[in-house]
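So the structure is just underneath, and the comments pick up after that.
Just so it is clear, none of the values below were taken in a lab; they were calculated from the coordinates. Source: prediction; values computed, not measured. In this analysis, Cβ positions are derived from the backbone assuming ideal geometry, glycine residues included, and neighbour counts consider all displayed protein chains.
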Amino acid sequence: MEEYKRRLETGNPVTMQDLENELKKLVKEMIEAATAGEMTTHLGYEKNQESNNENYRNGYNKKNIKTKYGEIEVNIPRDRKSTFEPQLVKKRQRLLKGTEDLILSLYARGLSIKDI
């Protein structure tokens, strides 16, 4: 966002494509942060925390999601036993309906990415 403010202050135009790209980045960050939080809740411990849980984080799956701002590639966490079912972007879901509006409205109200 700061980059666009600087561009406007120096007289360089900002295009709609620039704004759409910024929105796509924001939606991607929010989805990845939210699914990471869902994984923490699912496993019952924070990332890099010691646990006696037999199930643990096992990397990420890349997923292409179609939004009204275009296609976004997100990293969805996975667990060793494949029992993690993300709620924001469900398994096999490729199309977001309304989620991006919810994320942007919460962000506009001043909530941080972590809070959302």
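Please build a GNM for the chain, connecting alpha carbons under 10 Å apart, and tell me which residue among M30, M39, M16 fluctuates the most.
In the Gaussian network model the winner is M16.
Within segment 1-103, report the GluC sites (Glu not before Pro) that DSSP leaves as loop and that have at most 16 other Cβ atoms within 10 Å.
Numbers: sites: E2, E3, E9, E20, E22, E29, E32, E38, E46, E50, E54, E71, E73, E100; in loops: E46, E50, E54.
Those that pass, being in a loop and sparsely packed, are E46, E50, E54.
Which of the three applies to segment 1-77, rounded, prolate or oblate, going by the alpha-carbon gyration tensor with a ≥ b ≥ c and a/c under 1.5 meaning rounded? Present the calculation step by step, with values, prior to reporting the outcome.
Values: a/c = 4.63, a/b = 2.41, b/c = 1.93.
Taking the square roots of the gyration eigenvalues as a ≥ b ≥ c, segment 1-77 is prolate.
Please list, by residue number, every one of the trypsin sites (Lys or Arg not before Pro) in segment 10-116 that is coil in DSSP and has at most 14 other beta-carbon atoms within 10 Å.
Numbers: sites: K24, K25, K28, K47, R57, K62, K63, K66, K68, R78, R80, K81, K90, K91, R92, R94, K97, R109, K114; in loops: K47, K68, R80, K81, K90, K91, R92, R94, K97, R109, K114.
Passing sites in segment 10-116 are K47, K68, R80, K81, K90, K91, R92, R94, K97, R109, K114.
For segment 32-116, what ratio Rg/Rh do Cα atoms give with a Kirkwood hydrodynamic radius? It would help to have the intermediate numbers written out before the result.
Details: Rg = 14.0 Å, Rh = 14.0 Å.
Answer for segment 32-116: 1.00.
Any idea how far the Cα center of segment 49-103 sits from the one of segment 12-32, in Å?
Value for the Cα centre distance between the two parts: 20 Å.
Pull up the cross-link candidates among the lysines for K68, meaning alpha carbon to alpha carbon under 16 Å and not fewer than 8 places away within one chain.
Within reach: K24, K25, K28, K97.
For N64 and T10, what does the FRET efficiency come to when R0 = 41 Å and r is the distance between their Cβ atoms, rounded to the nearest 0.05?
0.70
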